[in-house]
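Just below is one structure, and these are the notes that go with it.
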Amino acid sequence: MTFGMGVLKGMIVTLKNFVTSYFCKRNEGGIFTIQYPEEREKTAENFRNFPFLVHDGSLEKIRCVACGICERECPTKCIHVEMATDAFGKPARKPAVFDIDYGLCMNCGMCEEVCPFDSIFMDHAFEVSAAERQVNLIRHKADLAKPNSYFQKERPTLAAIIDQKRKAADEKKKAATQPATPQEPK
Ligand code: SF4
Ligand code: SF4
């Protein structure tokens, strides 16, 4: 090869990439960077960051029944759940306290996997940095609870499957409580 040809070829590639970056779209050979935070990449549907809790309209209608399974299974032990009690001191099947320390969470998604009540799912939100992480990265029940509409927007495929499953379970429960239709005399 003629002396200097390698350098010249490299310069041509660089020049080509420089020019196309102004005329082609991102992912089509165009400029790779985006002007964050004004511009944002759409996250993949199954992208997971930190967990959130789903409610059906209000904090009172949170799906979590405080069974504590996610707390037990969480590998970093960053979930803390306490069951609420009713006026008679009996378990109320909802959390009085539900905290997650985002500073410890390793985004494994185990809590979502093990929850039998379709209550906790992994969120897309990632801008959660804070000073004093021992204090400011602890999320409480009110911070964690988000409506089902949020879940449907963030993870539509999974939310649709869960909605369908819950609807079918409700219908089954309703059918089981209906009085049996009296038989016509023969
Ligand atoms: S994602 Fe993993 S580490 Fe984070 S709270 Fe859930 S189980 Fe724990
Ligand atoms: S989020 Fe699910 S697994 Fe965790 S305590 Fe609530 S119902 Fe149980």
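Taking the range 1-12, which residues are among the aliphatic types (A, V, I, L, M) and either in contact with a helix residue (DSSP H, G or I) (Cβ under 9 Å, 6 or more places away or on another chain) or open to solvent by 80 Å² or more (accessible area, probe 1.4 Å) (or both)? I'd like the intermediate steps shown before the answer.
Taking the range 1-12 as the starting set, the residues that turn out to be among the aliphatic types (A, V, I, L, M) are 1, 5, 7-8, 11-12.
Residues satisfying the conditions are MET1, VAL7, LEU8, MET11, ILE12.
Here SER21 meets each of (1) surrounded by 11 or more Cβ atoms within 10 Å (Cβ to Cβ); (2) under 22 Å from LEU137 (Cβ atoms) with one exception, condition (2). Restricting ARG63, ARG133, ARG72 to those that are in contact (Cβ under 8 Å) with a residue 12 or more places away in the chain and within 16 Å of ligand 2 (Cβ to nearest atom) reduces the list to ARG63.
Every condition in (1) open to solvent by 70 Å² or more (accessible area, probe 1.4 Å); (2) in contact with a Phe, Trp or Tyr (Cβ under 8 Å, 6 or more places away or on another chain); (3) of a type in the set (A, V, I, L, M) is met by LEU15 except one, and the failing one is (2). Listed by first and then second residue, the pairs with beta-carbon distance under 7 Å, at least 6 apart or on different chains, first residue in the range 31-44 and more than 19 Å from GLU154 (Cβ to Cβ), second exposed (fewer than 10 other Cβ atoms within 10 Å of the Cβ), are ILE34/GLU41. With respect to (1) within 15 Å of ligand 1 (Cβ to nearest atom); (2) farther than 20 Å from THR43 by Cβ, the lone exception for LYS94 is condition (1). In the condition set (1) more than 20 Å from ASN49 (Cβ to Cβ); (2) outside any helix (DSSP H, G or I), ASP170 is compliant with all but (2).
Residues that are acidic (Asp, Glu), within 20 Å of HIS55 (Cα to Cα), away from ligand 1 (no atom under 16 Å from the Cβ) and open to solvent by less than 80 Å² (accessible area, probe 1.4 Å) are absent from the range 107-129 altogether. Yes or no: the range 48-63 includes at least one residue that is out of contact with any strand residue (DSSP E or B) (no Cβ under 9 Å at 6 or more places or on another chain) and open to solvent by less than 50 Å² (accessible area, probe 1.4 Å). No - not one qualifying residue is present in the range 48-63.
Of the numbered criteria (1) open to solvent by 40 Å² or more (accessible area, probe 1.4 Å); (2) without any contact (Cβ under 8 Å) to a residue 24 or more places away in the chain; (3) more than 16 Å from ligand 1 (Cβ to nearest atom), the one HIS80 fails is (3). Taking the conditions (1) closer than 22 Å to LYS165 by Cα; (2) touching a strand residue (DSSP E or B) at 6+ places or on another chain (Cβ under 7 Å); (3) modelled with pLDDT of 95 or more; (4) not small (Gly, Ala, Ser) in turn, VAL114 satisfies each one other than (2).
Residues in the range 85-96 that are more than 12 Å from ligand 2 (Cβ to nearest atom) and out of contact with any Ser or Thr (no Cβ under 9 Å at 6 or more places or on another chain): THR85, ASP86, ALA87, PHE88, GLY89, LYS90.
The values are calculated or read from the model by the stated rules, or taken from the named source; none is laboratory data. Everything numeric here is computed off the predicted structure, so don't read it as measured data. In this analysis, Cβ positions are derived from the backbone assuming ideal geometry, glycine residues included, and neighbour counts consider all displayed protein chains. What goes into the accessible areas is simple: the full protein's heavy atoms, side chains included, and nothing from ligands, DNA or RNA. Shrake-Rupley method; radii C 1.70, N 1.55, O 1.52, S 1.80 Å.
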